[in-house]
Each structure stands twice: as structure tokens, then as C-alpha cells.
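> Okay, here's the structure, questions in a sec.
Any read-out appearing in this document is the output of simple, stated calculations on the displayed coordinates, not a laboratory observation. Note that the coordinates shown come from a computational prediction; the quantities given were computed from them, not determined experimentally. Cβ sites come from the backbone with ideal geometry, for glycine too, and all protein chains shown count toward neighbours.
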């Protein structure tokens, strides 16, 4: 996005998302249909002519080469800016290019306006680029975050995942106890580590006994 754009801020209070709104039409738009191992890149000029359309691996060197070959003033537009899209965003900014985000819902609606029905990475990248060029109001800014904030977000996300897994496992354990012995389930306190160790020990002994019984048959 143009450095001369006016500052705008997301209405999502959870994000540090002060970004620059584009004040002029970009010299070119590079649409990236983001993937895990590779992205499809479609580069079009401001007149809508396709300058390049090809896959690029999700690797720093390949992305750097792609962004270095883009014309000055190119706007890079991604359909995901976190996780699998985060490296592309970082390398585009390192190359001095503006970055914007086309939300999935907007991309899905725009896809119906273009020729062709098959959903391919090549077509999706072209839809992203042409929508960004023709309907700039459909774009959202990509938040700029410091390394410390990104690290904190990653740790928080991992903690949420661990808590969710622990809750799921405890619910499953309670279901098994209810099926086998409701009285035991009522007595067990799964927040007490000693109970968990006791259940693990009992399970190991039962497994050992069952294996030994099968060998004796």
C-alpha cells in the first residue's frame, strides 16, 4: 500500500492493526493464492494485463526473487496473512512492497464474476489480483506487529490449544468412567494430579494383566 495513504485502524480491539490505506492506484498488483508448501502468484499491471502467473514455493529465497522482480509500487495481496501466509507477508514488506488482505468471503463472491467455474490455484490468484485492482474497497489492511507481539500471540494460541486438548481428554475420561463405574467417576477429582497418576497406574496394571492373560491362552 502507498506510504502516503491515510492511517486507518481496524475496529477489532484485539488487534494492533493500524495500517495505511491506499491513496493511489498501484503500479501493479501481485495476487497470491496462499498454500502450505507453495503459492500461486498472479502479477497484473494497472491496466489489467497479466505480466506473470506461476507457482512459487513458500520459501524465503523464492519469495524474495519473486518480489524483487515485481515493478516498483506493486501491491501484494494475499488471501491469508497468518500461518502459511505470514512468510510471504514478511518478505514482501522486507522488499519494500505494500501488502493487503482480501478476506475469503470477498474473494468467494468475486470469483463468481469472472469467467470459468473450475476452482484452481491459478484462477484463484487471478481473482485475488483483479479484485484488488478493480475493487480496492474490498481489501483489508494487514496488521504490522513487532516480533515480541507475534511471539506472545503464538504462545497464547498454543496455550489455548493445550487447554482445549486437556478439556477434551478429561471429558472423554469422565465418559469412560461413567460407562464403567459411575460411583468412581463421582469420586474422582481430575483437577488433582494424584488421581490422574492413580488412574494411569491402574490402566497400566490392567493392560499388563490383559496381555499376560492373552499369552497364557
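> Consider a paramagnetic label point 7 Å from the Cα of residue 174 along Cα→Cβ; state which residues of the stretch 186-217 have an amide N under 20 Å from it.
The answer is 186-200, whose backbone nitrogens lie closer than 20 Å to the label point.
> I'd like to compare 84-91, 187-194, 62-69: which one has the highest average count of other Cβ atoms within 10 Å, and what's the full order after that?
Peptide ranking by packing, descending: 84-91, 62-69, 187-194.
> Here's a follow-up. Can you pull the Rg over Rh of the stretch 149-216, Cα-only, Kirkwood?
Here the Rg-to-Rh quotient is 1.17.
> At what distance in angstrom do the alpha carbon centres of the stretch 152-173 and the stretch 180-217 lie from each other?
24
> Also, I was wondering about something else. For the ranges 28-35, 128-135, what's the packing order if you count other beta-carbon atoms within 10 Å of each residue, average per peptide, and put the highest first?
My ranking of the peptides, most packed first, is 28-35, 128-135.
> Does the stretch 45-176 classify as rounded, prolate or oblate by the C-alpha gyration tensor (a ≥ b ≥ c root eigenvalues; a/c under 1.5 gives rounded; else a/b over b/c gives prolate, otherwise oblate)?
prolate
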